[in-house]
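Right, one structure below, let's go through it.
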Amino acid sequence: MNSEEILVGHSVIKIIRGDITQERVDAIVNATNPSLRPGGGVCGAIHRAGGQAVTQDCRRVMAERQPLVPGEAVATVAGDLKARYVIHALGPVWKGGKQGEPEELASAYRNSIELADRLGLSSIAFPSISTGIYGYPLMPAANIALRALRAALERTRTVREVRIVLYDPDSYEAWLAAAR
Ligand code: APR
């Protein structure tokens with residue numbers, strides 16, 4: 001089988017190949033930077049596809065708070081995306097794995113799910129947080145993320161579908177292997 005679904009209680013985690021900016025879900029998660037700037041990678045793609053409304057709402061949020069610390073997540077409007085919200089989650093920069101990165105990565109997923117649940121959302125799409133520019137090795141990242149997502153989904157009220165949207169074949173294969 002060339003995709004994977006994991007059932008968790010009343011919810012499902014789907015591992016799929018694709019471009020997250022094309023997802024039709026309640027919330028698209030962005031792998032952001034501490035100050036919610038457009039940046040590159042999936043972040044640049046989400047800001048481009050969402051348009052000025054997303055970038056401006058990020059500026060509004062940042063005018064009222066300190067930079068994000070790794071593991072935090074905040075919501076903005078989704079502009080031109082086929083979603084109601086963008087949830088901007090900050091993953092850790094990989095520094096060898098002994099400086100709290102696993103816990104921070106797990107928090108980024110857990111806090112995004114909890115925020116979506118507080119907003120009353122049902123479906124949410126994630127990219128592979130931290131495994132691009134931030135350098136987190138793929139297999140451990142996928143394993144940590146899946147464990148954090150399963151635990152968070154045991155407690156959700158409204159979130160029912162989590163879509164992990166992998167852009168490149170290596171990421172997709174690593175997540176499939178982790179799921180199996
Ligand atoms: N859809 C889904 N995934 C995508 C897309 C897309 N359109 N574009 C890129 N990706 C994938 C990358 O292939 C990678 O597997 O997203 C994953 C995360 O990579 P990055 O975007 O580099 O995110 P991260 O490692 O968390 O680094 C965050 O990068 O863009 C900047 O502002 C961001 O400074 C922050 C840093």
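No lab work stands behind these numbers, since they all come straight from the coordinates. Keep in mind it's a predicted model, so treat the numbers as computed, not measured. Cβ: placed from backbone, ideal geometry, glycine included. Neighbour counts: every protein chain shown.
List the chymotrypsin sites (Phe, Trp or Tyr not before Pro) within region 93-180 that fall in a DSSP loop (any state other than H, G, I, E or B) and whose Cβ has at most 10 other Cβ atoms within 10 Å. Before the final figure, lay out each step's value.
On the way: sites: W94, Y109, Y134, Y167, Y172, W175; in loops: W94, Y134, Y167.
Counting only loop positions with at most 10 other Cβ atoms within 10 Å, none of the chymotrypsin sites (Phe, Trp or Tyr not before Pro) in region 93-180 qualifies.
How long is the gain from R155 to R118 if the chain were fully straight, where each residue apart is worth 0.36 nm and the alpha carbon distance is subtracted?
Working: separation 37, 0.36 × 37 = 13.32 nm, distance 1.16 nm.
Contour length minus the Cα-Cα distance gives 12.2 nm.
Using a 10 angstrom Cβ neighbour count of at most 16 plus a DSSP loop assignment to flag exposed GluC sites (Glu not before Pro), which longest range of the chain is free of such sites? Intermediate results must be reported in sequence, preceding the final value.
On the way: sites that count: E64, E154.
The reported range is 65-153.
Using every pair of alpha-carbon atoms in region 73-138, split the distances into 5 Å bins beginning at 0 and state the percent of pairs per bin, rounded to integers.
Reading the bins upward from 0: 3, 17, 26, 21, 16, 11, 5, 1.
Under 10 Å, Cα contacts only: if you run a Gaussian network model on the chain, which one of L166, L36, L119 comes out with the highest mean-square fluctuation?
Fluctuation is largest for L119.
Against the 2.2 N^0.38 Å scaling, with N counting residues, where does region 1-107 land? I'd like the Cα-based Rg ratio to two decimal places. Don't skip to the answer; put the middle values down first.
Working: Rg = 14.9 Å, N = 107, 2.2 N^0.38 = 13.0 Å.
That ratio works out to 1.15.
With each pseudo-label sitting 7 Å past Cα toward Cβ, what's the R147-D19 distance in nm, one decimal?
Result for the modelled spin labels: 3.5 nm.
Calculate, for M139 and V93, the FRET efficiency according to 1/(1 + (r/R0)^6) with r their C-beta to C-beta distance and R0 25 Å; round to the nearest 0.05. If you can, show how the numbers build up before the last one.
Numbers: r = 18 Å, r/R0 = 0.72.
Calculated transfer efficiency: 0.90.
Between region 114-151 and region 41-96, what is the separation of their alpha carbon centroids in Å?
Result: 15 Å between the Cα centres.
Hey, with R₀ at 22 Å, roughly what FRET efficiency would R37 and S3 work out to, going by the Cβ-Cβ distance, to 0.05?
Numbers: r = 33 Å, r/R0 = 1.50.
Plugging the Cβ-Cβ distance into 1/(1 + (r/R0)^6) gives 0.10.
Using the beta-carbon distance between A177 and V69 and R0 = 35 Å, what value does 1/(1 + (r/R0)^6) give for FRET efficiency, to the nearest 0.05? Walk me through the intermediate numbers first.
Details: r = 30 Å, r/R0 = 0.87.
Here the calculated transfer efficiency is 0.70.
Say we join alpha carbon atoms closer than 10 Å with springs in a Gaussian network model of the chain; which of G120, G96, G79 then has the biggest fluctuation?
Highest fluctuation among the options: G96.
For K82, give me every one of the aspartates and glutamates with a C-alpha distance below 19 angstrom, ignoring sequence neighbours fewer than eight places off in its own chain.
D19, E23, D26, D57, D117, E161
Taking only the C-alpha atoms, wrap a convex hull around the chain and report its volume per residue in Å³ as a whole number. Write down the numbers at each step before the final one.
On the way: hull volume 18.0 nm³, N = 180.
Dividing the Cα hull volume of the chain by its residues yields 100 Å³.
Report ³J(HN,Hα) in whole Hz for each residue of region 35-44, in order, from the Karplus equation J = 6.51 cos²θ - 1.76 cosθ + 1.60 where θ = phi - 60°; Gly and Pro get x.
Once θ is set to phi - 60°, the couplings for region 35-44 become 10, 6, 6, x, x, x, x, 5, 4, x Hz.
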